[in-house]
Amino acid sequence: MKNISKKRVVATTGNGAVAEAMKQINPDVLVAYPITPQTAIVQDFSQFVADGAVDSEYVTVESEHSSMSACIGASAAGARVMTATSSQGLALMHEMLYIAAGSRLPIIMPNVNRALSAPINIHCDHSDSMGARDTGWIQLYSENAQEAYDNTIQAVRIAENKKVLLPVMVNLDGFIISHGIEKAEFIEDRKVKSFVGERKPFLPLLDVDNPVTYGPFDGLGGYFMEHKKNQADAMERARDVILEAAEDFAKISGRKYGFFEEYLLDDAEIAIVTLNSSAGTTKHVINELRAEGLPVGLLKLRVFRPFPAKELAEALKHLKAVAVLDRALSSGFVGPLFSEVQTALFNLETRPKVINFIYGLGGRDYTLHEARKAFEELMTVAKTGKIKKTLGYLGLKEVEVLV
Amino acid sequence: MKDWRANKLMPGAIIPKGGTAREYKTGGWRSATPKWDEEKCKQCLICWISCPEGAVLVKDGKVRGIDMDYCKGCGICVAECPFEVIEMVGG
Amino acid sequence: MKIKDLTEKKERLTSGHRLCAGCGAPIVVRQILMGTDKPVVVGCSTGCLEVSTTIYPSTAWDTPYIHSAFENVGATISGVEAAYQSLKRQGKLDKEIKFVAFGGDGGTYDIGFQSLSGAMERGHDMVYVCYDNEAYMNTGIQRSSSTPRGAWTTTSQVGKAEPGKKQNRKNLTACIAAHDIPYVAQSSPSSWKDLVKKSTKAFDIKGPAFLNVIAPCPRGWRHPSDQALRIAKLAVETCFWPLYEVEDGEWKLNYKPKEKKPLAEWLKTQGRFKHLFKPENEHIIEELQAKVDKDWERLLKLCGEA
Ligand code: SF4
Ligand code: SF4
């Protein structure tokens with residue numbers, strides 16, 4: 001108890017919690033560009049800079065494409081570097097996301113999840129980060145402000161580990177978490193400082209006595225495929241590193257993290273798999289349904305890349321039916337998280353039936369009512385052993401569609 | 001990184017040392033060869049500063065010849081020499 | 001400045017690069033890098049210079065180098081510079097290091113314009129060099145906003161209905177001068193003294209500096225491989241490419257030809273303008289000449305020479 005006595009319990013928004021983590025990490029370079037609903041993070045950081053509370057060079061770029069480009073330059077130079085974004089911003093930097101990961105640069109970036117246009121909408125869904133699935137970034141998801149704070153701090157250790165050297169994206173739900181005020185516990189500054197340590201860059205540009213070349217052309221006569229395999233292997237190695245970082249983090253925070261959180265899953269027969277804030281609502285409904293005697297549970301995924309397929313299959317294999325909630329569309333097929341979960345389960349001898357619900361696009365509410373509907377459908381599937389419809393929507397309004 | 005080779009992969013395809021291109025000899029590209037005449041040369045060094053390849057060999061501030069390992073035979077040194085010291089010969 | 005002293009400097013762009021024989025770009029780069037003795041970190045936008053100097057595992061850079069993408073060398077090198085400022089301020093680094101970004105005209109006038117503008121406005125202590133060969137050469141000679149009017153390129157073809165590029169080129173040097181940064185200059189490798197001097201000034205000045213340097217391309221301009229510097233020189237002598245600088249807002253002409261040569265003399269050295277000499281297109285040459293004259297007069301005024 002003694003070593004966790006100096007925690008600060010505060011009321012904070014998700015953005016405030018992330019900004020606090022960034023302040024405590026005190027990166028060498030912070031690249032800032034505004035976009036709703038992320039803006040408050042870089043605003044807070046500007047105040048830290050103005051107050052002299054951080055050592056960071058604060059670079060205010062003219063677009064997100066440039067923000068990721070500047071992060072790449074700064075990280076290759078040898079600095080610890082962070083930025084934050086959302087939605088269109090993440091989409092605009094898409095090209096650079098691949099280059100950051102392919103150049104093996106441990107950049108840390110909170111992404112406040114928001115829908116992508118069109119139509120333009122500033123509210124939460126996961127189409128931004130899901131669109132970045134194959135960019136080579138490690139992706140962590142956060143149910144609430146506390147987890148966003150905790151993930152941001154752990155991200156530094158994961159990204160910069162010599163076995164990994166990959167950028168990490170920390171996702172939190174736009175407005176619902178970024179702007180909602182809730183309770184969170186902040187760790188003492190000095191403990192965060194010693195947890196993240198100093199970056200020891202590998203072959204940095206600023207070691208001018210040992211000139212290195214970043215970003216060469218690696219064509220047919222080269223080793224492009226081997227370099228990509230090397231990058232994929234680093235992502236594999238990140239699995240252990242994520243768990244090690246979580247273990248060490250528990251020592252300074254008292255909070256335990258893994259690839260996912262299981263909520264009343266052991267003895268459940270049906271369960272929901274989801275990401276981020278919808279887990280909170282789902283837990284509430286699980287408590288109600290459990291009180292009615294129904295065997296329901298939840299798996300809340302924290303680590304989406306690398307995808308913990310083996311562990312997830314192990315955790316879900318005893319179930320009769322699973323509903324995967326996707327806060328993103330992949331027009332023409334099922335939701336992206338559903339695809340991954342179903343793939344993870346496919347080679348099991350006996351496996352649960354899996355259905356998919358699209359929910360919450362553009363910030364559409366996911367209420368107790370929607371969670372209940374998902375469980376009701378699951379109960380039918382579990383009882384009949386038959387899937388009527390693989391893909392359904394939660395919370396759609398009645399409309400008339402012309403074309 | 002002295003013993004570094006192409007198939008010793010660095011993260012991010014980083015080339016861990018400078019100037020490895022020197023191992024690639026561009027002299028084979030030549031279809032004509034500049035011939036420099038030491039006798040006639042006034043040592044103005046214009047050919048040296050004009051060569052796209054850095055192939056004009058200079059030591060102690062004096063032109064000593066042309067590095068045929070790298071000279072691509074473009075002829076710029078011939079065109080730029082104010083004293084018609086260099087001429088292009090076939091092959 | 002003595003040319004002999006320059007030969008003492010380390011070649012930071014080494015032999016063994018794979019740019020075409022007679023390419024203007026490596027001449028520009030060599031002369032730029034002669035401008036400072038301090039360690040230099042180089043950034044490069046995607047393009048001929050980038051591809052041909054860093055074909056894995058071969059790098060022609062004997063100095064730290066980074067390429068990330070096409071449209072963003074301004075932002076990329078500004079990130080490197082920001083890291084340097086931070087680490088230096090925190091006492092984690094004590095060397096003095098310089099930063100230079102190289103972009104072609106495609107990567108500078110067009111797709112990289114925003115990133116360049118941002119980097120200049122933020123005031124990074126860096127030099128941006130555009131090696132201007134007046135088209136997208138790496139992808140096979142497509143028109144850019146730097147391509148002169150009337151020039152043939154593979155996306156401004158010449159035929160019965162069209163006489164090559166229809167638009168005048170963008171005056172990028174003036175655009176960047178309008179950013180009110182400490183130093184902006186236009187130069188040519190045919191005047192090595194002018195170029196090396198401007199490079200030194202650009203590196204020494206605190207804050208952002210921009211150099212626009214003409215870099216003839218034998219493939220795209222359709223000229224023999226020995227003509228790059230001759231043609232660059234004619235561009236200066238015809239006042240198509242004047243040598244000038246803007247230091248702290250003061251415009252200064254660095255070279256005034258004794259006798260301004262007709263633009264046609266420059267045009268006829270290059271196959272990309274060949275069609276302009278047909279009778280039906282001769283009016284374009286006249287109009288191009290009128291444009292050069294007008295621009296020159298305006299420049300003279302700005303430089304207090306008129
Ligand atoms: S011919 Fe071209 S490459 Fe060879 S030395 Fe002369 S200028 Fe250099
Ligand atoms: S340009 Fe001609 S005279 Fe001058 S150093 Fe070269 S060869 Fe000699």
Determine which single condition residue B:17 fails, assuming it passes every other condition in (1) within 11 Å of another protein chain (Cβ to nearest Cβ); (2) within 16 Å of ligand 2 (Cβ to nearest atom); (3) basic (Lys, Arg).
-> (2)
Here the qualifying pairs (Cβ atoms under 9 Å; residues six or more apart or on different chains; first in segment A:234-250 and surrounded by fewer than 16 Cβ atoms within 10 Å (Cβ to Cβ); second part of a helix (DSSP H, G or I)) come out as A:244/A:157; A:244/A:158; A:248/A:154; A:248/A:157; A:248/A:195
Complete set of residues in segment A:159-202 that are closer than 30 Å to residue C:43 by Cβ and open to solvent by 30 Å² or more (accessible area, probe 1.4 Å) = A:160, A:161, A:162, A:163, A:197, A:198, A:199, A:200, A:201, A:202
When residues of segment A:303-312 are filtered for being open to solvent by 10 Å² or more (accessible area, probe 1.4 Å) and not aromatic (Phe, Trp, Tyr), how many remain?
-> 4
Output the qualifying pairs, or none if there are none: Cβ atoms under 9 angstrom, residues six or more apart or on different chains, first residue in segment B:32-57 and over 11 Å from residue C:27 (Cα atoms), second residue of a type in the set (Gly, Ala, Ser) and within 8 Å of ligand 2 (Cβ to nearest atom).
-> B:56/B:50
Check segment C:161-173 and report whether any residue there is more than 28 Å from residue C:1 (Cα to Cα), within 14 Å of another protein chain (Cβ to nearest Cβ) and open to solvent by 10 Å² or more (accessible area, probe 1.4 Å).
-> no
Across segment C:6-24, what is the number of residues that are more than 8 Å from every other protein chain (Cβ to nearest Cβ) and not in a loop (DSSP other than H, G, I, E, B)?
-> 0
Considering only segment A:79-108, state which residues are at the interface with another protein chain (Cβ under 10 Å from one of its Cβ atoms), open to solvent by 10 Å² or more (accessible area, probe 1.4 Å) and either touching a helix residue (DSSP H, G or I) at 6+ places or on another chain (Cβ under 7 Å) or touching a residue at least 60 places away in the same chain (Cβ under 8 Å) (or both).
-> A:80, A:98, A:99, A:102, A:103, A:104
Could you please find all residues in segment B:28-56 being within 14 Å of ligand 2 (Cβ to nearest atom) and more than 10 Å from every other protein chain (Cβ to nearest Cβ)?
-> B:35, B:36, B:37, B:38, B:39, B:40, B:41, B:42, B:47
Give me a count of the residues in segment A:19-45 that are under 23 Å from residue C:126 (Cβ atoms) and surrounded by fewer than 18 Cβ atoms within 10 Å (Cβ to Cβ).
-> 0
Go through (1) under 12 Å from the mean Cα position of the chain (by Cα); (2) within 16 Å of ligand 2 (Cβ to nearest atom) and name the single condition residue B:25 misses.
-> (2)
Mind checking which residues of segment A:247-280 are under 17 Å from residue A:144 (Cβ atoms) and either within 15 Å of the chain's Cα centre (by Cα) or within 14 Å of another protein chain (Cβ to nearest Cβ) (or both)?
-> A:257, A:258, A:260, A:261, A:274, A:275, A:276, A:277, A:278, A:279
What number of residues within segment C:32-57 are within 7 Å of chain B (Cβ to nearest Cβ) and surrounded by fewer than 24 Cβ atoms within 10 Å (Cβ to Cβ)?
-> 1
Turns out the helices (runs of 4 or more DSSP H) fully within segment C:128-232 with at least 2 residues that are over 18 Å from the mean Cα position of the chain (by Cα) and farther than 23 Å from residue B:75 by Cα are none
Check A:250, A:271 and return the single one that is part of a helix (DSSP H, G or I) and at pLDDT 95 or above.
-> A:250
At least 2 residues that are within 14 Å of another protein chain (Cβ to nearest Cβ) and not aromatic (Phe, Trp, Tyr) in each: list the strands (runs of 3 or more DSSP E) lying fully within segment A:1-72 that qualify.
-> A:29-32, A:57-60
With a cut-off of at least 1 residues that are modelled with pLDDT under 95 and either surrounded by fewer than 22 Cβ atoms within 10 Å (Cβ to Cβ) or within 11 Å of ligand 1 (Cβ to nearest atom) (or both), name the strands (runs of 3 or more DSSP E) lying wholly within chain B.
-> B:86-90
Go through segment A:371-403 and give me each residue that's without any contact (Cβ under 8 Å) to a residue 60 or more places away in the chain and either among the hydroxyl-bearing types (Ser, Thr, Tyr) or buried (at least 18 other Cβ atoms within 10 Å of the Cβ) (or both).
-> A:373, A:377, A:380, A:384, A:390, A:393
Within segment C:81-106, residues in contact (Cβ under 8 Å) with a residue 12 or more places away in the chain and out of contact with any His (no Cβ under 9 Å at 6 or more places or on another chain) come out as C:84, C:95, C:96, C:97, C:98, C:100, C:101, C:102, C:103, C:104, C:105, C:106
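Here is a yes/no grid of residues against (1) more than 7 Å from chain A (Cβ to nearest Cβ); (2) in contact with a Pro (Cβ under 6 Å, 6 or more places away or on another chain); (3) under 17 Å from residue C:128 (Cβ atoms):
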{"residue": "C:70", "(1), (2), (3)": "yes, no, yes"}
{"residue": "C:75", "(1), (2), (3)": "no, no, yes"}
{"residue": "C:81", "(1), (2), (3)": "yes, no, yes"}
{"residue": "C:93", "(1), (2), (3)": "no, no, no"}
{"residue": "C:97", "(1), (2), (3)": "no, yes, yes"}
{"residue": "C:101", "(1), (2), (3)": "yes, no, yes"}
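The values are calculated or read from the model by the stated rules, or taken from the named source; none is laboratory data. Bear in mind that the values here come from a model prediction, so they are computed numbers and not experimental data. A quick note on method: Cβ atoms are made from the backbone with ideal geometry, for glycine too, and the neighbour counts reach across all protein chains shown. Accessible surface is based on the protein model in full, side chains and every heavy atom, while ligands, DNA and RNA are left aside. Shrake-Rupley method; radii C 1.70, N 1.55, O 1.52, S 1.80 Å.
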